[in-house]
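Structure, as structure tokens:
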Amino acid sequence: MNINIENDEIISYFKKLFDRYDFKFYLVGGAIRDKILTLEPVDYDFVVEAEEDDYFYIVESLSKELNFDFKYHKHYRTAILQYKDKRIDLAMSRREFYHVPASKPIVFPTNIYQDLKRRDFTINSLAYDLKGKILIDPFNGLEDIKEKRIRVLHDLSFRDDPSRIFRGIKYASRFNFNFDKRTFDLIKLALSTGYVNLLPGNRLRNEIIAALKEKNIKYTLSILQELKLFNTLIGEDFTLNMNFDVEEFNTLKDEEKFIVLFYKNDEETILKSMEILNLSNNFKLNCELLKQVNKLIGDNVKELYRYLIININKINKKVLYCLFSKYESIANYIRNIDRIKYDFKGFEKEDIVSYKIEKLLEFWGRE
């Protein structure tokens, strides 16, 4: 398997910077994985084997060299730098210990092997020794990439950090990979034992949103459905809507995506979703309105248009289009409602509604 690491301008540039220090530096994780898959890395993660004081000195020196104020996370011993338009992470090689599930780990300096051992999946557990120019693959990550397989590193991984479940789903969707049976069973065990529910609401919401941003959204949702993840988080009777326009879905804002996926549920489930995922009252309102739209489609078109016109300032038009654009009645409404111009001053509300309904029916089938 050919890996063109040395040909990367960013890696070469940082290798020259690192060569000034008498420490071992490694490229790790996602950038190597992406290179193997012949993809452009989104960001670059480097690790240095050093104690905290030496590590911090290196980070400070590099930030001056790059003329960029770094963001330092003291607990995890990680720093974010910037080079051109790329995010550069430089971390101290570390191992982690979790006192309780979903807790912040205690961090210790260690060697590269132990650092790789603590990672989420084997496809992210590769390192490239920048001085020795060798690939380090202690957990057969290369083989898993070749076989398009998501495999966890140890049995307590999802207990320690349940957010890894969402990252695994994200990787499976992005690369069209599958979970190996052991990993999938461990995810289901973590769900059934309630570890995911231990994540704070904002973090849980952000992890789900990150998964929903993957372009292969139907594959993402098929995994969520198979795992019954929302049933575990929100309620056994949860209904995940998977009938929508994918291209339009990918343009929606975060809460709009939740409306599309959740709107078919009953009020109790909607309220619980709001509480768990920190969703707004507008989410609840649009779920109610769109549920009624769904009932009216295919029935009396005039009543459908009446409902849409009366609630025109409440219903999210982008969400409406994402859900129902395949219906000619809805497509006609979205295409033409803003074309209806008239001086309605002095008209009764019902007369205005009736006029707009007739104009929409008149526009039917016309561009």
Q) Going through the stretch 233-266 one residue at a time, which ones are among the β-branched types (Val, Ile, Thr) and surrounded by 18 or more Cβ atoms within 10 Å (Cβ to Cβ)? A) ILE234, ILE259, VAL260
Q.
Against the conditions (1) in contact with a helix residue (DSSP H, G or I) (Cβ under 9 Å, 6 or more places away or on another chain); (2) of a type outside the set (Lys, Arg); (3) modelled with pLDDT of 95 or more, where does ILE276 fall short? Just the number, please.
A. (3)
Q. Checking THR269 against (1) β-branched (Val, Ile, Thr); (2) farther than 21 Å from ILE169 by Cα; (3) open to solvent by 10 Å² or more (accessible area, probe 1.4 Å); (4) touching a residue at least 40 places away in the same chain (Cβ under 8 Å), which single condition isn't satisfied?
A. (4)
Q: Give me the pairs, please: first residue somewhere in the stretch 252-265 and over 13 Å from ILE315 (Cβ atoms), second residue anywhere and among the acidic types (Asp, Glu) and open to solvent by 10 Å² or more (accessible area, probe 1.4 Å), beta-carbon distance under 8 Å, and either six or more positions apart or on two chains.
A: ASN265/ASP237
Q. Of all residues in the stretch 272-317 being basic (Lys, Arg) and surrounded by fewer than 17 Cβ atoms within 10 Å (Cβ to Cβ), which is nearest to the chain's Cα centre (by Cα)?
A. LYS272
(Q) If I filter the stretch 227-244 for residues that are assigned to a loop (DSSP other than H, G, I, E, B) and under 16 Å from LYS318 (Cβ atoms), do I get at least one hit? (A) yes
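Yes/no per residue for (1) open to solvent by less than 40 Å² (accessible area, probe 1.4 Å); (2) in contact (Cβ under 8 Å) with a residue 60 or more places away in the chain:
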residue	(1), (2)
LYS146	no, yes
HIS154	no, no
PHE158	yes, no
ARG164	yes, no
PHE177	yes, no
LYS181	no, no
Q: Kindly indicate the residue of the stretch 166-175 that is within 20 Å of PRO105 (Cβ to Cβ) and surrounded by 20 or more Cβ atoms within 10 Å (Cβ to Cβ) and also farthest from the chain's Cα centre (by Cα) among those meeting that condition.
A: GLY168
**Q.** Residue tally, condition open to solvent by less than 30 Å² (accessible area, probe 1.4 Å), among the hydrophobic types (A, V, I, L, M, F, W, C) and closer than 18 Å to ASP299 by Cβ, over the stretch 318-367
**A.** 8
Q: For the stretch 279-350, please list each of the helices (runs of 4 or more DSSP H) lying entirely inside it that holds at least 3 residues being within 23 Å of PHE262 (Cβ to Cβ) and among the aliphatic types (A, V, I, L, M).
A: 281-296, 317-324
Q.
Among the residues that make up the stretch 257-264, is at least one of them on the phi < 0 side of the Ramachandran plot, part of a helix (DSSP H, G or I) and out of contact with any helix residue (DSSP H, G or I) (no Cβ under 9 Å at 6 or more places or on another chain)?
A. no
Q.
Can you pull out every residue in the stretch 193-208 that is closer than 23 Å to ARG149 by Cα and either open to solvent by 10 Å² or more (accessible area, probe 1.4 Å) or in contact with a Cys (Cβ under 6 Å, 6 or more places away or on another chain) (or both)?
A. GLU207
Q: May I ask you to verify whether ILE312 is over 21 Å from TYR327 (Cα atoms) and β-branched (Val, Ile, Thr)?
A: no
Q. Of all the residues that make up the stretch 155-179, how many are in a helix (DSSP H, G or I), out of contact with any strand residue (DSSP E or B) (no Cβ under 7 Å at 6 or more places or on another chain) and within 16 Å of ILE145 (Cα to Cα)?
A. 6
Q: Please state which of the following conditions PHE108 fails to meet, knowing it meets all the rest: (1) under 23 Å from the mean Cα position of the chain (by Cα); (2) free of Cβ contacts under 8 Å to residues at least 24 places away in the same chain.
A: (1)
Q | First in the stretch 50-74 and free of Cβ contacts under 8 Å to residues at least 40 places away in the same chain, second anywhere and open to solvent by 70 Å² or more (accessible area, probe 1.4 Å), Cβ under 7 Å, 6 or more apart | A | SER63/ASP69
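The values are calculated or read from the model by the stated rules, or taken from the named source; none is laboratory data. This one's a predicted model, so the numbers in the text were calculated from it and none came from an experiment. Heads up, the Cβs are rebuilt from the backbone with ideal geometry, glycines too, and the neighbour counts pull from every protein chain shown. These area figures cover heavy atoms from the full protein model, side chains too; ligands, DNA and RNA do not enter into them. Shrake-Rupley method; radii C 1.70, N 1.55, O 1.52, S 1.80 Å.
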